[in-house]
Amino acid sequence: MLTHLWRPLIGVIATLPAQVLVIGVGFNADWRGDAWVLPMSLLLATHGALLLLGFVAAECKPRLCQWPPLAVLLLYLAMLVTLSPLSLLLGSPLFPREADWLRVSLLYMGAALPAVALVHLPALRRSPLRVGTSLARLPRSAVLWLAVLIGLGNGFAQHDFNAAGKSARLFWRTLITRDTTHYPYLLRPVVNGLIFPEPTQVIAHPSLADRFYVLGRGGKVYLVRPEGDPVVQTALVVTDPKEEIEGEMGMVGIAMHPSLHSDASRPWVFLTFTGVVEGRLTNRVVRFDMDPSTGFLEPDSERVLIDQKDEHPMHNGGGLVFGTDGFLYIGVGDGGGPFGTNNAQRIDGGLFSGVLRIDVDCRGGISHPIVRQPVAGRTQGYCIPNDNPFVGQSEALEEFWSIGLRNPFRLSLEPTTGEVWVADVGGHRYEEINIVGRGTNHWWRLKEGHAWLREKLRGTVPEHGVPTEPLYAYPHLNLRTCVIGGTHYYGDKHPELRGGYIFTDCTSGEVFVLRREADGGIRVEPIARVENIAGRGIVSVDQVGEDIVLTRKGDTEKPSGQILTLERRGEGEQESHEAPLTAGATFMALCARCHGEAGKPSAAMLPAPADFTSIGWQERTTDEQMLIVIRNGGVASGLSSAMPPWVGVLSDEQLRNLVPYIRSMGAR
């Protein structure tokens, strides 16, 4: 057999510089955004093609191999493109967690195996009776070992740079159907025609079952009585964030003191918002008093508990929930762009990237006064529970209960177990649902989902806390890119959902139920979806009485947000809540997160999206070019793969209406 190895070795040596270049650059690069996806894909294709060419040229003699090297090269490239979406389609269930590279490797090996048959086909065609002899030669075939090497190499590289996942995400986005009739539930307005300006959350009135509160992103709290003749009253107007509301800023979280459900001895309502206060971007947790007789909040009673200066309008967290222990749990984001900042994994800087746990009642014996202040922040009006995990540690902010989260936008309480669940919005690869416990560390920015964020981080052990994997993580596929929690349903209206965790995805508009099985497994089922993709934007899921209630944020330019409720679908029954959407609503739902609501992206976005307010960009970009990119995506136009193709997802009218809307941004 050794006599057959010298020719393949020539092929390996001939392509060694290309292999060193590709693997060396790839594994040592500090990956930032999508900038490496296209170059890495081309380098990997070149690497594999050169390796294949070297092997074929070394092994094949003219009388045995009739396939020209160029044909084999094109065959390999075709298989590379085909296998990219297929590799992610088969998905993580086959090889979960850190074995993803094995799944991709095996698929690439399978893609290369036809090359083995094609190389030997001429000989088989001349002498069919020698099939057995030819197959016996396969173990010493350079092309067979080539398939294994290419498979393993591409498996590792595609796992680390997720190029296959990027291609698959763009590929499958074009295949999304708008049909929602196969979902067992549908979404209906709580009140037909009732519209709010950007609602962000709904919470039940603590004592009146026929009323609930709606939180508005712009700083208002509405008290709603939906039955009979619907009544909507403004229960509070918060003035502080009025200076500027953009990106992920605004008022997003609300929680009520447990005493409001009994004797109202502490009639306090807590809110979270991010806004520009006195010229500085600020994340705040504030407290207001409620008048139990009217349900209104008293504007003069405002007290700021946490005032944390921030540098970026994204990843602000905002989830609030009281635990069964009576403490208030607060979700705080990493305060950064798509890839976060150095705030993650720190407990000695600002109040970022985790879940805080505070005692708003300052109960003696179980909590103590605040020990230290955060960097660029101010805290007051609460105490620190004595059993918080970092109490007594030098330089630590003792408020932290759990760390290593990217953007814990929604928190929820599992009332039967006392667990606090977090839906943590992901970056470019995975969305997570976590159970936060004392000192748990959920890996951001070391991992996302079950995958290392960068190859050079593999094996890193977090400095603080207890490393804890997500309860459930799902990849960015089929527009599922922004998890929104969540409520544990224990009502009687939907007995089949009882005990399940109901959550949604803001971008895809789907509603899911997650159940923990008796054997410890996780079962997740999609149960509903908003029909119109550009109007989805579901940003909260809560239980109000017996109902599961969701908020759809709607358009920024004019009030179009809705409060929806989950209903069991009758035979052939369709959703009835769809309203005509403006181009602005489409832009806000699908484009504003990267490009900014006014068309000017944040300077912290990497890679930098197009600035639609730029006169230069407006002058050099024609309407036709703009429409092509919107239709076909960034990759097809030589741009970033973060810009997906919307053809087949949006209607032709919606696609065309985006062009003049984006054009108008240059004149603002």
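The values are calculated or read from the model by the stated rules, or taken from the named source; none is laboratory data. Owing to the predicted nature of the structure, the values given are computational and were not obtained by experimental measurement. Please note: Cβ atoms are built from the backbone with ideal geometry, for glycine as well, and neighbour counts cover all protein chains shown. For accessibility, only protein heavy atoms count, side chains too; no ligands or nucleic acids. Shrake-Rupley method; radii C 1.70, N 1.55, O 1.52, S 1.80 Å.
For Ser394, state whether it is part of a strand (DSSP E or B), out of contact with any Phe, Trp or Tyr (no Cβ under 7 Å at 6 or more places or on another chain) and of a type in the set (S, T, N, Q).
no
Would you check if there is a residue in the range 429-436 being buried (at least 22 other Cβ atoms within 10 Å of the Cβ) and out of contact with any strand residue (DSSP E or B) (no Cβ under 7 Å at 6 or more places or on another chain)?
no
Would you check if there is a residue in the range 324-338 being in a strand (DSSP E or B), open to solvent by less than 20 Å² (accessible area, probe 1.4 Å), farther than 24 Å from Thr440 by Cα and not hydrophobic (A, V, I, L, M, F, W, C)?
No, the range 324-338 contains no residue that is in a strand (DSSP E or B), open to solvent by less than 20 Å² (accessible area, probe 1.4 Å), farther than 24 Å from Thr440 by Cα and not hydrophobic (A, V, I, L, M, F, W, C).
Residues of the range 318-373 being within 15 Å of Leu397 (Cα to Cα) and of a type in the set (A, V, I, L, M, F, W, C), which ones?
Ile330, Val332, Ala344, Ile347, Leu351, Phe352, Val355, Leu356, Ile358, Ile370, Val371
Pairs needed: first member in the range 417-445, at positive phi; second member anywhere, charged (D, E, K, R); C-beta distance under 9 Å; at least 6 residues apart or different chains.
So the pair list comes out as Gly418/Asp325; Trp443/Glu469.
Being of a type in the set (S, T, N, Q) and open to solvent by 10 Å² or more (accessible area, probe 1.4 Å) is the filter; apply it to the range 368-404 and report the residue that is modelled with the lowest pLDDT.
Ser394
Select the strands (runs of 3 or more DSSP E) contained entirely in the range 343-390, then report the ones holding at least 2 residues which are without any contact (Cβ under 8 Å) to a residue 40 or more places away in the chain.
Those strands (runs of 3 or more DSSP E) span 367-369, 383-385.
Which one of the conditions (1) of a type outside the set (A, V, I, L, M); (2) out of contact with any Leu (no Cβ under 7 Å at 6 or more places or on another chain); (3) open to solvent by less than 30 Å² (accessible area, probe 1.4 Å); (4) not in a loop (DSSP other than H, G, I, E, B) does Phe409 fail to meet, given that it meets all the rest?
Result: Phe409 fails condition (3) only.
Can you give me the number of residues within the range 211-221 that are in contact with a strand residue (DSSP E or B) (Cβ under 6 Å, 6 or more places away or on another chain) and part of a loop (DSSP other than H, G, I, E, B)?
Residues in the range 211-221 being in contact with a strand residue (DSSP E or B) (Cβ under 6 Å, 6 or more places away or on another chain) and part of a loop (DSSP other than H, G, I, E, B): 3 in total.
Pairs needed: first member in the range 259-272, surrounded by fewer than 18 Cβ atoms within 10 Å (Cβ to Cβ); second member anywhere, hydroxyl-bearing (Ser, Thr, Tyr) and part of a loop (DSSP other than H, G, I, E, B); C-beta distance under 9 Å; at least 6 residues apart or different chains.
Ser259/Ser265; His261/Ser207; Ala264/Ser207
Which one is nearest to Gly318 (Cα to Cα) among residues in the range 412-426 that are open to solvent by 40 Å² or more (accessible area, probe 1.4 Å) and of a type outside the set (S, T, N, Q)?
Leu413
So which residues in the range 475-495 are assigned to a strand (DSSP E or B) and open to solvent by 20 Å² or more (accessible area, probe 1.4 Å)?
Pro475, Leu477, Arg480, listed by residue number.
Residue by residue through the range 614-633, note down the ones that are surrounded by fewer than 20 Cβ atoms within 10 Å (Cβ to Cβ) and at pLDDT below 85.
Asn632
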